[in-house]
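Just below is one structure, and these are the notes that go with it.
The values are calculated or read from the model by the stated rules, or taken from the named source; none is laboratory data. Not measured: the values here are computed from a predicted model. Note that each Cβ is placed from the backbone with ideal geometry, even for glycine, and that neighbours are counted across all protein chains shown.
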Amino acid sequence: MAARIWIFSVAVALFLSFSSAQDLQIVNAERRIDLSSHIVKAFLTLKVENIGKDPAADMLLAFPPTQIKHLSMVQAMAITGKKKKKTYLPLDVKPTEQPDAPNDTGYFLVSFATPLTLGETVTLEVLYILTHSLEPFPSEIAQSESQLVYYRDSAVILSPYHIKQQTTFFKTPSARVESFTSVDPANRAGKEIKYGPYEDRASYSYAPVIVHFENNSPFAVVEELVREIEISHWGSLQITENYRLTHGGARHKGVFSRVDYQSRRSISGSSSFNALLAVLPPKVNSVYYRDDIGNISTSHLRTGFKKSELEFEPRYPLFGGWRATFIIGYRVPLEDYLFEAPDGRRYLNFTFGCPLVETIVNKLTIKVVLPEGSKDPSAVLPFTVNQDLQVKYSYLDIVGRTVVVLQKDNVVPTHNVPFQVYYTFKPIYMLAEPFMLVSAFFFVFVASLAYVHIDLNIVKK
Amino acid sequence: MAANGSPKPEPMAAKKASPDLLNSSFSFKSLKLKTKQQELLLRVSILGLVYVLAFIARLFSVLRYESMIHEFDPYFNYRTTLFLTEKGFYEFWNWFDSESWYPLGRIIGGTLYPGLMVTAALIYWTLRFLRFFVHIREVCVLTAPFFASNTTLVAYFFGKEIWDTGAGLVAAALIAICPGYISRSVAGSYDNEAVAIFALLLTFYLFVKAVKTGSLSWALGSAFGYFYMVSAWGGYVFIINLVPLYVLVLLITGRYSMRLYVAYNCMYILGMLLAMQIRFVGFQHVQSGEHMAAMGVFLLMQVFYFLDWVKHQLNDTKLFQTFLRITVTSAILVGGIALGVGTASGYISPWTGRFYSLLDPTYAKDHIPIIASVSEHQPTAWSSFMFDYHILLFLFPAGLYFCFKRLSDATIFIVMYGLTSLYFAGVMVRLILVATPAVCLISAIAVSATVKNLTSLLRTKQKVPQTGSAKGVGSSKSSSKVTLDQSQPFHKNGAIALLVGVFYLLSRYAIHCTWVTSEAYSSPSIVLAARGAHGNRIIFDDYREAYYWLRQNTPTDAKVMSWWDYGYQITAMGNRTVIVDNNTWNNTHIATVGRAMSSYEDEAYDIMRSLDVNYVLVVFGGVTGYSSDDINKFLWMVRIGGGVYPVIKEPDYLVNGEFRVDKGASPKMLNCLMYKLCYYRFGELVTEYGKPTGYDRARGVEIGNKDIKLEHLEEAYTTSNWIVRIYRVKPPTNRL
């Protein structure tokens, strides 16, 4: 891995003469990378200046290929005003391809609110989130050992533009840092490692660094999450969430000792976790927590006005590489989530993402089960997802219910934003199922009435 | 209601089943229903209530715990049902299960009674067809209560057949809540008995009906009932022996009739042919010693018929006597020789050990430890009779008296059924279940007859009857009572006192049944519940914790060795291959596991290596005080292991004939694999305040070996309350 990065950086060096098409330069850049959990959050503050003649409408953010596949989300905002009067203006960010990208560098295109003219500057705040970017080393640890991880990045920001001055900070969860690559000037103070300031780095500069540090935060990775949201116009929304959870950190090696685990918690199994927190909507009711073989009794629900919190424990503590599958189901009142659009259509307004805090979801599928007889479904989301339609049969269904399937990979808590599903529905369909039941009972009574009164004997008595 | 002139004693049952029914009948009075209609309405509504009652009384376990499968065998049934619904019937029938009995495997289709699974799957498919998308687990959980409800209906018709509708209603009510039946039919107790008792009673009812009417259609029905029973439970052997015995008794008592001939022949021949379609039963009906009685009686029937015909043809009685002697002698001779030759040549298999152990309760203890080791195979204690039958135990003899007083083909049957099954119930605890319907029916006769007599006594005392019909229906019997009553003026009061007594007893019965059901028979035994220091409920869910750990965190092809009790649960919940399970068809294999558990670690390691074992699972109650753990079962492992491998000797594990785990235990005990696995690192733990470390709460002693080192195994997982401990078998070290 390290060797590959070296080759990569050599290759980058070859491309140093590569010049960007646009005449932008970054006057000042500050990058803060938060390594305190297993979700790596990077905050990038860029001061961009247009030095070309043509007005620039957008700029590129570059990511090395090792990061681009772990990149979960990129957000950018333009800052106007100073200090206390700061206002944030969200900018449009979308992935893009560059024909002459060196070494499979990935790009995101940030569109400015107003094009920059010559000499004009803008301050951007970029947040990007990386998942699965902490590599446990050693990759297998025993119960009593602490978890150490590698984080690989560059000391200088990879950018297609010239950067006049830049600094990078790495924030580690504890003061225990085994080692970090030194790129002068680089120093460490407590939980913070500072690289820089570096002056006048050409575009596509790259200086690979490795930080080796202790990280015992729960590496809760949901390998697959299927959330089914079933709309019933009779007044409730039934949500069923199927989790396949794993501990994504260093694999557990050797024995699991219950004596050590229960009597010496401080030094035993420090990287393991046994409790999780799910943030559920307020007014949640009929909550259950179970798995394939039955109910799991270790959970507590706290309901509130703003949110409900479900604190639950898997059947066993999760050590590195251990898995647990479980189902959480709950019901919420319909009136908080289903609305009628001005054009007469109905729409569901619900939160995307995973209710568990600080977890990565490798593959998230949200299935919105519309009532039977719904037509023309369409989903509105702030980011791109794979969409599909299915049919599901539930109680007393004849034609089946339309299911809007939304699927997205690499989801982090930042994705917990509202989304909408629009559909048309005639209220008369609501009566179909009660009518079926009533008629079935009616038929039974008529049949028994007929049976009592009809003489089925061949021979008259 | 009595004033209303209803001639039947159903109102009594009504009072017992539900008091508010009285009100409803009063409101119907204004509708001017005919007495007969009124009676029908009452009967139907009482039966409906009893039907519902039987179902809901069994839901305690769901309310107290959850909708889950209980105990051990039901997990196998659930797993196979799941397979059946997922893969279809043919796959199920041809299923070779490599997950159990490693490395032997098990041919599931050929070694189980498929009735239960097919029933549940049919219910499931029907519900799905009707667009009720329930989970198969819910169907399995509720199968037993559903069939218990159906059994009450059959009990009603049976009671009606042998006595009258009143007895039928009382029988339905009694059996609906009888603890002896509830113990094996609560929601979640998804076992063969759940449907088998229904099938058993149905077969008996239809057969009695067939004997009574001599109708082919009823006999055919009973053959199909028998087929269902054979498909559902091994207890069908009881039917195939009781029915011939009954026929034989009828023959001996001179009650032979054409009706009996038709009923038995049709039922036996068709039932036998149908039963042969079940692979597990196969040709046993013609080849096994246990089924020969039925065959013999069948042949005897033909001889009887033949003799009857000859008697009809021959008018000379003397000649007939000679003929009779010759025929009977030669028939017995031929039968005896055929049986002898069949047995000697091995065509007819001898009786199995299980059958012997039924006839001789001490047999299993001496010869088959694996049967004796199961707690439900122990001889029944008196207290469990009291517990399971309560007042029925006293009503039963009274019912027998009534039956003898009014002897008929049907009452002879129920008497025989009651007496034989009660004997078997005494031999094995679990067979209380088989006796329960008979006990309920006979007791119902006692209750119904007594109440009927008492009420008729009361009614005739009323000088001014509100409706004239009472006396009209009252028949000569009641008028004779009138004359009697005049001589005994306290009769009325006595009758009232007795009636009150009967209702008191019956209400005690209802209270007892509810209490027993909720306290004793509604625990799933997978989840253990206890009361904490502050009266709060503590749940020990260690079994599922361990099984789910196995399921999620071990390689899918891992082999788990444990004592056979947990085999079904490990395959069903842990989804891993086991060495032995609750099927116990191969004694040697179980003995091998028993031997490994009772050997020293290095010897056990060789055995485990030879069986490809990856994980060893033991159940240990020392921390929680859970007493049915592997240490307490250990002597059975030694006995079963020693039964096949004489190297294992029981006295090695005992000190002066005493089984102990403390310092005074035998050295072999302190160092055998089971001891080591249960108590590994237990010596470091303080389990109870004020007690030394390593204090075993299940046995109340401080353990004798606190410094246990494992060489070839390592702790893989121990559940939060230490109930289940799983060890990983290390691969062999490289030899230099």
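Please give the helices (runs of 4 or more DSSP H) falling wholly within segment B:577-674 in which 2 or more residues are among the β-branched types (Val, Ile, Thr).
It comes to B:587-598, B:630-644.
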- Working only within segment A:279-337, note down all residues that are of a type in the set (Gly, Ala, Ser), touching a residue at least 40 places away in the same chain (Cβ under 8 Å), more than 9 Å from every other protein chain (Cβ to nearest Cβ) and surrounded by fewer than 20 Cβ atoms within 10 Å (Cβ to Cβ). A:Ser286, A:Gly329
- Message: Just to be sure I understand, how many residues within segment A:395-413 are on the phi < 0 side of the Ramachandran plot and either surrounded by 15 or more Cβ atoms within 10 Å (Cβ to Cβ) or at pLDDT 90 or above (or both)?
- Response: 13
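Pick from segment B:282-333 the residues that are assigned to a helix (DSSP H, G or I) and of a type in the set (Ser, Thr, Tyr): which of them is nearest to the chain's Cα centre (by Cα)?
Among residues in segment B:282-333 that are assigned to a helix (DSSP H, G or I) and of a type in the set (Ser, Thr, Tyr), the one nearest to the chain's Cα centre (by Cα) is B:Tyr305.
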- Taking segment B:643-671 and keeping residues of a type in the set (Gly, Ala, Ser), crowded, with 17+ Cβ neighbours inside 10 Å and free of Cβ contacts under 8 Å to residues at least 24 places away in the same chain leaves B:Ser666
- Query: Can you tell me how many residues in segment B:516-545 are away from every other protein chain (no Cβ under 14 Å) and over 29 Å from B:Ala176 (Cβ atoms)?
  - Reply: 4
- Message: Let me spell it out: the conditions are (1) assigned by the TED database to the domain that holds B:Ser628; (2) in contact with a Lys or Arg (Cβ under 6 Å, 6 or more places away or on another chain), and B:Pro555 meets all of them except one. Which number is the exception?
- Response: (2)
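Table: residues versus (1) within 22 Å of B:Arg325 (Cα to Cα); (2) touching a helix residue (DSSP H, G or I) at 6+ places or on another chain (Cβ under 6 Å).
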{"residue": "B:Ser215", "(1), (2)": "no, no"}
{"residue": "B:Val249", "(1), (2)": "yes, no"}
{"residue": "B:Ile252", "(1), (2)": "yes, no"}
{"residue": "B:Ile269", "(1), (2)": "no, no"}
{"residue": "B:Leu274", "(1), (2)": "no, yes"}
{"residue": "B:His291", "(1), (2)": "no, yes"}
- Of the criteria (1) of a type outside the set (D, E, K, R); (2) away from every other protein chain (no Cβ under 12 Å); (3) touching a Lys or Arg at 6+ places or on another chain (Cβ under 9 Å); (4) assigned to a loop (DSSP other than H, G, I, E, B), which one B:Tyr689 fails: (3)
- Message: Tell me which strands (runs of 3 or more DSSP E) are completely within segment A:137-229 and hold 1 or more residues being closer than 29 Å to A:Val255 by Cα and among the charged types (D, E, K, R), or say none if there are none.
- Response: A:177-180, A:208-214
- For segment A:255-278, how many residues meet the condition of being among the polar types (S, T, N, Q) and within 14 Å of chain B (Cβ to nearest Cβ)? 6
- Query: Within segment B:395-405, is even one residue more than 15 Å from the chain's Cα centre (by Cα), outside any helix (DSSP H, G or I) and either of a type in the set (Gly, Ala, Ser) or surrounded by fewer than 21 Cβ atoms within 10 Å (Cβ to Cβ) (or both)?
  - Reply: no
- Item | Among the residues listed as B:Val580, B:Val502, B:Val527, B:Val560, the single one being over 22 Å from B:Leu710 (Cβ atoms) and surrounded by 23 or more Cβ atoms within 10 Å (Cβ to Cβ) | B:Val580
- Task: Find the helices (runs of 4 or more DSSP H) located wholly in segment B:32-112 whose residues include 2 or more that are more than 27 Å from A:Asp291 (Cβ to Cβ), and list them.
- Result: B:35-56, B:89-93
- Is it the case that some residue within segment B:474-481 is basic (Lys, Arg) and either at pLDDT 80 or above or under 28 Å from B:Pro145 (Cβ atoms) (or both)? no
- Pairs under 6 Å by beta carbon, first residue facing chain A (nearest Cβ under 9 Å) and part of a loop (DSSP other than H, G, I, E, B) in segment B:704-723, partner crowded, with 21+ Cβ neighbours inside 10 Å and of a type outside the set (Ser, Thr, Tyr), six or more apart or different chains? B:Thr719/B:Asp542; B:Thr719/B:Glu545; B:Thr719/B:Ala546; B:Trp722/B:Phe620; B:Trp722/B:Val623
- Considering every residue within segment A:146-160, establish whether at least one is surrounded by fewer than 16 Cβ atoms within 10 Å (Cβ to Cβ) and in the same structural domain as A:Val40 (by TED's automatic domain parsing). yes
- Item | The lone exception for B:Tyr548 - which of (1) under 30 Å from B:Asn192 (Cβ atoms); (2) touching a strand residue (DSSP E or B) at 6+ places or on another chain (Cβ under 6 Å); (3) within 14 Å of chain A (Cβ to nearest Cβ) it fails | (2)
- Query: Is there a residue in segment A:275-287 that is within 30 Å of B:Gly188 (Cβ to Cβ), of a type in the set (Ser, Thr, Tyr) and under 22 Å from the mean Cα position of the chain (by Cα)?
  - Reply: no
- Task: Would you mind stating whether B:Gly700 is away from chain A (no Cβ under 14 Å) and either buried (at least 20 other Cβ atoms within 10 Å of the Cβ) or not charged (D, E, K, R) (or both)?
- Result: yes
- Task: Give me the pairs, please: first residue somewhere in segment A:196-209 and not assigned by TED's automatic domain parsing to the domain that holds A:Pro102, second residue anywhere and in a loop (DSSP other than H, G, I, E, B) and buried (at least 21 other Cβ atoms within 10 Å of the Cβ), beta-carbon distance under 6 Å, and either six or more positions apart or on two chains.
- Result: none
- Query: Where in segment A:345-461 are there strands (runs of 3 or more DSSP E), lying fully within it, with 2 or more residues that are in contact (Cβ under 8 Å) with a residue 40 or more places away in the chain?
  - Reply: A:346-351, A:360-369, A:375-380, A:401-411, A:418-424
- Could you tell me which numbered condition B:Thr143 fails, if it satisfies all but one of (1) of a type in the set (S, T, N, Q); (2) surrounded by fewer than 20 Cβ atoms within 10 Å (Cβ to Cβ); (3) touching a residue at least 40 places away in the same chain (Cβ under 8 Å)? (2)
